[in-house]
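Note sheet for the following structure.
What follows is calculated from the coordinates using simple rules that are stated; it is not laboratory data. Note that the structure is a prediction, hence the values are computed from the model and not measured. Cβ sites come from the backbone with ideal geometry, for glycine too, and all protein chains shown count toward neighbours.
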Amino acid sequence: MKVNILIPYAVPFTVMFKKDSKVRGTFIRCEDIGFKKLTRGKDFMLQASPMEWGSSNTCGLSPLEDVITIATSLAPGKDLHNQQMAINSWLKLGFKVISMNSSEEIAALQSYFPDIEFVKAHRDGRDKFTKPYIYFDDCLAYFAKSESTICGIVNSDIYLLKEEFYSFLKKEAIHSFVYGSRVDVEIIGKLNGTLFELGFDYFFFNKQIIPHYPQSNFLIGLPMWDFWAVLIPICFRIPVKKVITPHAYHIIHKTNWDHKIWCVFRDELLRYIKPTANLPINTYSMYLLGVIAKYSIEISLWDDDIYK
């Protein structure tokens, strides 16, 4: 069923939902963002907006609820030592780490990563993209059933090197979505590098955000999943915060850019989020980056920090 919803201080937009579903929530004005509409799958029920959540105080949580869990997907074909060092940087800060992989990959990886939990993926992207990429939705499904209140998704070769980051997230991510970009460096011993400005590498969020995401086909490690992760909270007026402190580092390496795959996931995103203006299709990524920047709150690990 298609319904036009009018919410105070917001313009109408179209949502698809089941006939017996209850529609609740607070949405950003789609025209302000430049989206024609946010199209929802017919089997998706909107959940309460964060305005209806309880206190942001984390006191009283059980030990398991209080632990921040990071999900990733380790890659057997890549530099294992580099991934080991990256994962160790997360463990050192106090994060619980799980890696979602195919059963074949788990068999190959488990002995190299004894301090993390492996979760078997029951599907992956190899039928379409030759490699067993993990579905973004499957990470969300794992977190929806997990004990952790604050959840994270981080690329497996990202080093997190600021010891304040864990406690920082306990404050900033409790009713929010926190994300950021890596700094590309030649070696971890020399951290003067280049901020990657065309995408995002880490995401932390309160698990209550999860039901806002429609079902999608995005795969972690392929194009557009990082944009999708940030854009849905923006559409639902969930506070979206970008960390501007350089603290996530990545040893630069050659990447294989595939324009055809980019087009597949561009079209997947266009199923849900379309510009109101007619834009050249090759400018879509830059357009989305602009939208994300406009509706993100910049935060830093230190109050006086400006790209320190």
>> Can I get the semi-axes of the stretch 70-180's equivalent ellipsoid? Compute them from the C-alpha gyration tensor as square roots of 5 times the eigenvalues, in angstrom, largest first.
In response: 23, 17, 12
>> Please compute one quarter of the surface area of the Cα convex hull for the stretch 161-275 and express it in square nanometres.
In response: 8.2 nm²
>> Amide H of residue 274 versus every other amide H placed in the peptide plane: which residues, excluding those fewer than 5 positions away on the same chain, fall under 5 Å?
In response: 36, 37
> What list of ³J(HN,Hα) values in whole Hz, one per residue of the stretch 262-273 in order, does the Karplus curve 6.51 cos²θ - 1.76 cosθ + 1.60 (θ = phi - 60°) give from phi, with Gly and Pro shown as x?
Replying inline: 4, 5, 4, 7, 4, 5, 4, 5, 5, 4, 10, 10
>> Compute the distance from the alpha-carbon center of the stretch 213-258 to that of the stretch 77-99, in whole Å.
In response: 19 Å
>> Please report the net charge: other residues with Cβ closer than 10 Å to the Cβ of residue 99, K and R +1, D and E -1.
In response: -2
>> Filter 96/171; 78/128; 162/294 down to the pairs with a C-alpha to C-alpha distance above 22 Å, please.
In response: 162/294
